[in-house]
1. Report, ordered by the first and then the second residue, all pairs with beta carbons closer than 7 Å, sequence separation of six or more or different chains, a first member in the range 47-63 that is over 18 Å from GLN99 (Cα atoms), and a second member that is open to solvent by 40 Å² or more (accessible area, probe 1.4 Å) and in a helix (DSSP H, G or I).
2. Go through the range 187-207 residue by residue and tally those that are in contact with a strand residue (DSSP E or B) (Cβ under 8 Å, 6 or more places away or on another chain) and assigned to a strand (DSSP E or B).
3. Go through the range 112-128 and report how many residues are open to solvent by less than 10 Å² (accessible area, probe 1.4 Å) and farther than 25 Å from PHE172 by Cα.
4. Would you confirm whether or not the range 6-29 contains a residue that is modelled with pLDDT of 95 or more and either touching a strand residue (DSSP E or B) at 6+ places or on another chain (Cβ under 9 Å) or open to solvent by 90 Å² or more (accessible area, probe 1.4 Å) (or both)?
5. Return the residue satisfying two criteria in turn: it lies in the range 208-223 and is outside any loop (DSSP other than H, G, I, E, B) and at pLDDT 90 or above, and of such residues it is most open to solvent (accessible area, probe 1.4 Å).
6. Could you tell me whether any residue of the range 71-90 is among the charged types (D, E, K, R), over 17 Å from the mean Cα position of the chain (by Cα) and farther than 21 Å from GLU53 by Cβ?
7. Please verify whether the range 127-142 includes one or more residues that are over 17 Å from the mean Cα position of the chain (by Cα) and under 15 Å from LEU189 (Cα atoms).
8. Considering only the range 130-166, how many residues are out of contact with any strand residue (DSSP E or B) (no Cβ under 7 Å at 6 or more places or on another chain) and open to solvent by 10 Å² or more (accessible area, probe 1.4 Å)?
Amino acid sequence: MKKFYKYTATLFVITVLCSCASYAPKDNQLSVVLTNTQQAITNLAEKIPATGEDNLIQTFNKLQKKSVALIPALKVCNQKYALTPEYMATLKESQKVLQRVDKDFDTISDKTFLLEAIFLDFDAKLTSITSSEKNDANTKIKVTVDSNEDEGYFVFGKLSYEKALDIKRFRFNRPTNSATQDFVPGYYLFWLEKEDLIGEPELHLIMNNGEEEEKKLVLKTPK
């Protein structure tokens, strides 16, 4: 009987460990992204002070400080729950932008905007982690968009720092005023389109601040 109880207890422990392991990161993808991100920031730390541009320097300092706080938090979250592909995609994009700013430093004219956008994206992510009940980065925010009294506009968007890039955009599955979609915390551009009418892209922070996990946006209708 003792052997039976011992076997049962052992089986229970193994089952629990296996179930927890299913939440663990499956590869070192996050490590690669964070290493590349840190390296780009380190490279920029050598270039930006030499510009003498106060706004650029202040923006970079904010970004650097925020990354120091966010990166360890992301590692802990990934160990607990494994970051979703959607979350990883946003981190990869910010990594690419930082690497592009580093590589093309002398020719990029909107460096301050790009670094500010990534800072706000990082801030939204860190705030959402610390506001989550379980400190889980994978908490998504439901975004609902309408266009005041006008309906039937499709909602498009992309990440804020992709503003000037001719890249694939995403679209809400339903038009206004029933457009609803879940998002990873971050800094985004949203706009409305209907036939030949295209709205001006608007910047919006999407985050969980501990009070609500939904956000309603009223976007300007194109004229």
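1. ASN55/THR112
2. If we filter the range 187-207 for residues that are in contact with a strand residue (DSSP E or B) (Cβ under 8 Å, 6 or more places away or on another chain), which is where we start, we get 187-194, 198-207.
Add one more test, that the residue is assigned to a strand (DSSP E or B), and what stays is 187-194, 198, 202-206.
Going through the range 187-207 one residue at a time, the tally reaches 14.
3. 1
4. Quick first cut of the range 6-29, residues modelled with pLDDT of 95 or more only: none.
Checked against the condition, which is being modelled with pLDDT of 95 or more and either touching a strand residue (DSSP E or B) at 6+ places or on another chain (Cβ under 9 Å) or open to solvent by 90 Å² or more (accessible area, probe 1.4 Å) (or both), the range 6-29 yields no hits at all.
5. Keep residues of the range 208-223 that are outside any loop (DSSP other than H, G, I, E, B), which gives 214-218.
Among the residues that remain, those that are also at pLDDT 90 or above are: 215-218.
On the way: LYS215: 70, LYS216: 141, LEU217: 8, VAL218: 75 Å².
Top of the filtered list is LYS216.
6. First, the residues of the range 71-90 that are among the charged types (D, E, K, R): 75, 80, 86.
Okay, now just the ones that are also over 17 Å from the mean Cα position of the chain (by Cα), so 80.
Subset that is farther than 21 Å from GLU53 by Cβ: 80.
Checked against the condition, which is being among the charged types (D, E, K, R), over 17 Å from the mean Cα position of the chain (by Cα) and farther than 21 Å from GLU53 by Cβ, the range 71-90 yields at least one hit.
7. Looking for residues that are over 17 Å from the mean Cα position of the chain (by Cα) and under 15 Å from LEU189 (Cα atoms), one finds none in the range 127-142, hence no.
8. At the first step, the residues of the range 130-166 found to be out of contact with any strand residue (DSSP E or B) (no Cβ under 7 Å at 6 or more places or on another chain) are 130-139, 149-151, 161-162, 164-166.
In the following step, the residues that additionally are open to solvent by 10 Å² or more (accessible area, probe 1.4 Å) were identified as 130-136, 138-139, 149-151, 162, 164-166.
Counting residues in the range 130-166 that are out of contact with any strand residue (DSSP E or B) (no Cβ under 7 Å at 6 or more places or on another chain) and open to solvent by 10 Å² or more (accessible area, probe 1.4 Å) gives 16.
The values are calculated or read from the model by the stated rules, or taken from the named source; none is laboratory data. Model, not experiment: these values are computed from the prediction. Reconstructed Cβ throughout: ideal geometry from the backbone, glycine too, with neighbour counts over all protein chains shown. Side chains are part of the model used for accessible areas, which takes the heavy atoms of the whole protein and leaves out ligands, DNA and RNA. Shrake-Rupley method; radii C 1.70, N 1.55, O 1.52, S 1.80 Å.
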